[in-house]
Each structure stands twice: as structure tokens, then as C-alpha cells.
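Only one structure is covered here, and it is reproduced in the block below.
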Amino acid sequence: MKILVVEDDRDVAQILKFLLSTHTYAVDLAPNSAIALQMVDAFEYNLILLDVGLPDLDGISLCQQLRTKKFQMPILLLTGQSGGHQKAAALNAGADDYVVKPFDPEELVARVQALLRRGGSVAQPILEWGYLCLHPDSRKVTYGAHLIALTPKEYAILEMFLRNTQKVFSASAILESVWDSSESPGEEAVRVHIKEIRQKLKAVGAAPDFIKTVYRMGYRLNPLYSSTLASAVNQQPTLPQIAELTSVNEELRFALEELQFTKEKLRQQHEELEIAHQRIAQELQQRQQIEHQLQAAHDALEQQVVERTAALVQATIQIQQREHQWKALFDHALDAIAIANNDGCYVDANPAACVLFGVERDTLLQLTVADFVDPTLDSAQLWQQFLQAGQMAGEIRLHRLDGTIRDVEFAAIAHFIPGRHLSVMRDVTVRKQAELALQASEERYRIISELTSDFIYTADVTPEGRIINTWATPKITEFLGYSLDKLSIGEDNWFNVIYPDDLPQVRQFANDVISCNRAGSLEYRVIDNQGIIRWICDRIQPIWDDTAGRVVKLLGAVEDISDRKRSEAEHKQAETELREKSAALSNAVEGISRLDPQGRYISVNEAYARTAGYIPAEMIGMDWQQT
């Protein structure tokens, strides 16, 4: 049996459908009264379960319209009010019964079954056809002493036959009565279910044609087995049975006469029908092929829709994740990021951009690129060149509204999305100032290095105390003849040019300067590229880093003292020779003296002083005439 549930609450409607479907009823759902009226016009229902509170037309008014249109099926109203006035209004509108929400499932099913019994053509509670019995209350089907297990659809078909024993049902009528409108099986499904019912009946002793096929009409219960007499095949016929058989034979004879009457007509139409049958069969085959193709296309399309929907959902999730990532990067980026439209007006900027431009975000979004460009430049032409090139990078000077100027490195991409242009900027003002200061310092350093005869060097000190990355002024090449590359890599390169005998002393000197953080100087020898030994005076100043807690750099100045050392050596040699000559004079037997141009003694030996009556020291500086 088929029931229409009219309920706007989707959850309640699904609960009602599940509840009634478990009792083998075919259930259709209508969310409002307009759709319900269309479905009642299109399908035949055994009962309507109608909610009073509908969105477009209340259930009582819909009930009145159905009765006005002469629909006589039972109507069970669901009402949320238990007052007598509401119940009276429901019954006066033509409803057969009502149930108050929240309803008890067992009570609801019992009222549905009671209304179906009241509205049906069979008054007795148990439906029988020969040895076949159907118990609506317990929903059991037996044949004789055998219980038959049926599916809900098989039960519904058999109940429909037993409630309408004299009626022939076509396959389409069975589909409409047993299957709900959301299902769309073909007539083949009816034939399969009829076949299953026949097999189950045959398994418990029923005749194979218990359900009779009426040619070109449909199906019905076979009148031959309407009583237990016809089913008792193996028993001796009794008088009532003989009378029943005689009645059946009379019916058969009458049917045979009718068949004879129509035989000639059927013969005449046979050829036409055969041709028509072939044509219809061909058209049916073509239609079935088309239906199969359409079904295959529908299934493929449905699968594609499912797959593409899943892909779209996944893509949407990924897009949302990327949007969150982009937003986080945009807001927290250290570099300034700004987005402008085709007219050069700023439409978005991150906090770093607002700091760089020196304005609040709301103010910046009211300004254009031209507002921050050097006024002497043609900003419109520059903007068009950028849009045509598609990208641009370099350095610009940003003229802020407060009159300050910032040096900026930038990289810009045009149309990174349609109509939007992205620029990433970094403030390099401090770096540019440092570069200028460094250039000035290097220029001063170059001038100093050119004016002084010394060469100057710097070196880095590792945490282990090694000296690396030595740098020196070009004058070192004039002094030693080595290239800067040979002496600027590490300590070993410099130590290799030190005179071997002086190397331990130099190493100890460098270690003392680094470990004690104390400036110092040391004179030692080096060997130039010609193999000549040169004397130098190395003055070192350590550079201390408080953060690192150690000496991180050495600053040194090297003076060539080879000439001084040579003079000192020559002077020392002269003094030695003079001492030797003085000793020789002192030991001579004869008196010997030397006078300066003014005639004063500058040296005398013992013999001369003794002759004059003096000691040698007393005579130094005396005039020779005094002696």
C-alpha cells in the first residue's frame, strides 16, 4: 500500500518514512501543500498522513481541498495542539483521524493500519485465499501450516492482491501502488518480484499458477485456488468440491465460447498485430538501448559530478588554506607589500608598508603611487612603462608626505591578478647611509695610505685565536713585492714571509696581544720576494667586541726600519773599531795623542799622560799649550 506524507520538517518526514517503510508501506514525501496536490493528482494513494502546520497552506485547508476534489482516501492529521477546538476543526475538515505531536510510533502505526482496514474493501482482519493467509496485524504470511518469508515489496504485492481478489493489476499499477515515487524501477522489477513470490508459494505446496498471468493485462489471484478445496489435490473430491469444480468448468466453458468468438477476429488481426508487434519490438529494443545509453551516461555524469564536487571541495579547502597563509605572510612580512589598481591607487598594504610610507593604512589607501615619486620625474610615464613591461625592480627614492626621503629597494609585478599590481619594498636608507659613510672612510683611508710611508693592515680573529682574512694597503706590494692575494687569506701566508729565527717571537707577540687585549709593537725581520731580509716595526691595536667577549679584529701599521737598522749596525761597528783602536793606543809604549781643530786633546794614551805628568782623563779637553 502507498502512503503520502505531507510534512515540511525534513527530519520528521524522514522519521515517518522510515517508520512506515519498516511496515512494508510505500511512502512518498511532499514538503508543502502545492507539491502534495500535484502528487495526489499524479498517483493513487491508500492514505495521506498530513501535518497541520505547513508553510504555504495549513493542513486543515489542504484537507478541505482534497475532499472538495472528491478524494476519498483516509486522511490522518498530525497536530501540535491537543485542544478540543483543534481536533474538532480537523475532523470537520474531512480528516478521518488525528495524532497529537509528539506522537508514539506504535500508536501512529496502529492508527494508520486501522484507517487502511476501514477504507479497504476487506472487512475481515485476516486476508485469505485458499490455504494462503495474510495477517495484517502481525504481518505474517502462511500457506497451510508453512510460514512464508517475504521481503517488504513481496508482502505489499501479495497484500494488494488479497485486498482486491477480483481485480487484475497491470505492472504499472503495481509499481504505482507498491513503490514510492522517488524510486524508478521498470516493469521488469514487477516481473522479478512476481516470480519470487510464485517460487516461495510453490516451495510450500501452492500451485505454480497460484498468481495468474492475464495475457496483455497483468496479474491476479487464480480463482481456481480461492478455497481450500482447490488446493487439496491429493484428496478425494467431496460434493462441495465437485460443485465448485462444476462451477469452474462452467466458467471455463463460457470463456471458451468467448474465445471461439474472438478467434476469427484474432486470426484476422494476427498479421497486422504481428507486424505491429515486430515494429513495437524493434522500437522497444531501440528504446531500451537508448535507455541503457542514457542510464550509462547518467551514471557516468553522476560519477563525474561526485568526483568534480569532491575535487572542488578539496580545491576550496586548499584555496582557503592558501588564503590564510597568504594573509599571515602579508600581515607579518618584514618587507613592505603594497597592491595598486590600474590607476596606480593603493588598494591594500601590509603593516610594514604603512611604516615605510609613514602613514596610516586608511590614509595610504586614499593615495596613489605618484604621491610618493620624486616630483621631478614623470610618474605617469613611469607607471605606463611598468604596466607594459610586466615587471620592474631596482632602487628608488620614496618621498614621504612628511618631507622625509627613504631609499628603497623594490620588485614589482604587474597583473599578478587581473587589474592588481604587486610591489615588495625594503627600506635600505640605513644601508645606503652606511655605504656612503664607508665610501668616505675608504677614501680617507686611501688618502692616508698614499701619504704615509707605512702600510696598514687589518685581520679577523677566530674564537680559537687564529688570524684570518688579512687585508693590507697596496703599499705592501711596493715593500715586499708580493701580491695582495698571497698575503690576504690567512695567518700562514704572512708567517711564511717572516725570517725563520724571528717567527717564534712574532707568534708569541701576536698571542699576547690577542689574549691580553693589549696594544704593542715588535721589530722583526721579513724576507721579500727577492730573498732580501728587511726589518719592520709592527704596531698592533686589538679590537674588542663586548657581545662576543673577545678580540675579534687586529688593526696594524708596519714601518720599514731597514735603513735605521743598517745605520745602527754601522754605528755599532764603528764603535767597536774605535774601542779596539783606543785599546791599542792605551797599550802603546810611546806617547800618542790626538787634537781637535782648536788644539784641544780629544784622546791620549798612558805613556803620553805620564810624560806630561797627568792622567789621561785629566788631559781630555785641555789646550796642548798648557802642557
Residues in the stretch 368-379 that are surrounded by fewer than 16 Cβ atoms within 10 Å (Cβ to Cβ) and either not polar (S, T, N, Q) or not assigned by TED's automatic domain parsing to the domain that holds Ala411 (or both) total 4
A careful count of residues in the stretch 529-543 that are under 23 Å from Val461 (Cα atoms) and either part of a loop (DSSP other than H, G, I, E, B) or acidic (Asp, Glu) (or both) gives 1
task: With respect to Ala557, determine if the residue is touching a Lys or Arg at 6+ places or on another chain (Cβ under 6 Å) and of a type in the set (Gly, Ala, Ser).
output: yes
With the condition kept exactly as written, say whether any residue in the stretch 321-338 is of a type in the set (Asp, Glu) and modelled with pLDDT of 90 or more.
yes
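For every residue, the table says whether it meets (1) in contact with an Asp or Glu (Cβ under 7 Å, 6 or more places away or on another chain); (2) farther than 22 Å from Asn164 by Cα; (3) hydrophobic (A, V, I, L, M, F, W, C).
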position: Val6; (1), (2), (3): yes, yes, yes
position: Asp9; (1), (2), (3): no, yes, no
position: Leu16; (1), (2), (3): yes, yes, yes
position: Thr22; (1), (2), (3): no, yes, no
position: Tyr25; (1), (2), (3): no, no, no
position: Ala34; (1), (2), (3): yes, yes, yes
position: Glu44; (1), (2), (3): yes, no, no
position: Leu50; (1), (2), (3): no, yes, yes
position: Pro55; (1), (2), (3): yes, yes, no
Filtering the stretch 422-476 for residues that are modelled with pLDDT of 75 or more, assigned to a helix (DSSP H, G or I), out of contact with any Phe, Trp or Tyr (no Cβ under 9 Å at 6 or more places or on another chain) and among the β-branched types (Val, Ile, Thr) leaves a count of 2
- Does Leu150 satisfy the condition of being buried (at least 20 other Cβ atoms within 10 Å of the Cβ) and out of contact with any Phe, Trp or Tyr (no Cβ under 9 Å at 6 or more places or on another chain)? yes
For the stretch 138-168 the number of residues that are over 20 Å from Val27 (Cβ atoms) and either part of a loop (DSSP other than H, G, I, E, B) or touching a helix residue (DSSP H, G or I) at 6+ places or on another chain (Cβ under 8 Å) (or both) is 12
* Tyr601 vs. criteria at pLDDT 80 or above, over 30 Å from Arg525 (Cβ atoms) and in a strand (DSSP E or B) -> yes
Report task. Would you check if Ala42 is farther than 25 Å from Lys153 by Cα, outside the structural domain of Lys140 (by TED's automatic domain parsing), out of contact with any strand residue (DSSP E or B) (no Cβ under 7 Å at 6 or more places or on another chain) and not hydroxyl-bearing (Ser, Thr, Tyr)? Result -> no
Open item on the list: It is to be established whether one or more residues within the stretch 186-198 are assigned by TED's automatic domain parsing to the domain that holds Gln166 and at pLDDT below 85.
Closed with: yes
Restricted to the stretch 172-192 and to residues being surrounded by fewer than 18 Cβ atoms within 10 Å (Cβ to Cβ), outside any loop (DSSP other than H, G, I, E, B) and small (Gly, Ala, Ser), the residue farthest from the chain's Cα centre (by Cα) is Ala173
- prompt: Within the bounds of the stretch 193-209, is there any residue that is exposed (fewer than 14 other Cβ atoms within 10 Å of the Cβ), part of a helix (DSSP H, G or I) and not basic (Lys, Arg)?
  reply: yes
Condition test on Ala232, is it aliphatic (A, V, I, L, M), at pLDDT 75 or above and within 30 Å of Ala156 (Cβ to Cβ)? no
Just one listed residue, out of Ala338, Ala328, Ala315, is hydrophobic (A, V, I, L, M, F, W, C), assigned by TED's automatic domain parsing to the domain that holds Ile417, surrounded by 10 or more Cβ atoms within 10 Å (Cβ to Cβ) and under 29 Å from Ala414 (Cα atoms), and it is Ala338
Scanning the stretch 346-362 residue by residue, the ones that are surrounded by 22 or more Cβ atoms within 10 Å (Cβ to Cβ) and assigned to a loop (DSSP other than H, G, I, E, B) total 1
Counting only residues that are touching a residue at least 12 places away in the same chain (Cβ under 8 Å) and outside any loop (DSSP other than H, G, I, E, B), the stretch 93-106 contains a total of 5
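For (1) within 17 Å of Ala459 (Cα to Cα); (2) among the aliphatic types (A, V, I, L, M); (3) at pLDDT 90 or above; (4) surrounded by fewer than 14 Cβ atoms within 10 Å (Cβ to Cβ), each residue gets a yes or a no:
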site: Tyr524; (1), (2), (3), (4): no, no, yes, no
site: Ile527; (1), (2), (3), (4): no, yes, yes, no
site: Gly549; (1), (2), (3), (4): no, no, yes, yes
site: Ala557; (1), (2), (3), (4): yes, yes, no, no
site: Glu568; (1), (2), (3), (4): no, no, no, yes
site: Lys572; (1), (2), (3), (4): no, no, no, yes
Does Val99 qualify as being farther than 15 Å from Lys2 by Cβ, in contact with a strand residue (DSSP E or B) (Cβ under 6 Å, 6 or more places away or on another chain) and not assigned by TED's automatic domain parsing to the domain that holds Ile60?
no
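Okay, residues lined up against (1) of a type in the set (A, V, I, L, M); (2) part of a helix (DSSP H, G or I):
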{"site": "Met39", "(1), (2)": "yes, yes"}
{"site": "Glu44", "(1), (2)": "no, no"}
{"site": "Leu57", "(1), (2)": "yes, no"}
{"site": "Ser61", "(1), (2)": "no, yes"}
{"site": "Leu66", "(1), (2)": "yes, yes"}
{"site": "Phe71", "(1), (2)": "no, no"}
### Task
Evaluate the following for Gln384: is it part of a helix (DSSP H, G or I), over 23 Å from Val428 (Cα atoms) and assigned by TED's automatic domain parsing to the domain that holds Asp343?
yes
Picked from the stretch 43-92 (must be touching a residue at least 60 places away in the same chain (Cβ under 8 Å) and surrounded by fewer than 22 Cβ atoms within 10 Å (Cβ to Cβ)), the residue farthest from Val112 (Cα to Cα) is Phe43
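The values are calculated or read from the model by the stated rules, or taken from the named source; none is laboratory data. Computed from a prediction, not measured in an experiment: that's the story for all the values here. When we count neighbours, we look across all protein chains shown, and the Cβ atoms used for this are built from the backbone with ideal geometry, even at glycine.
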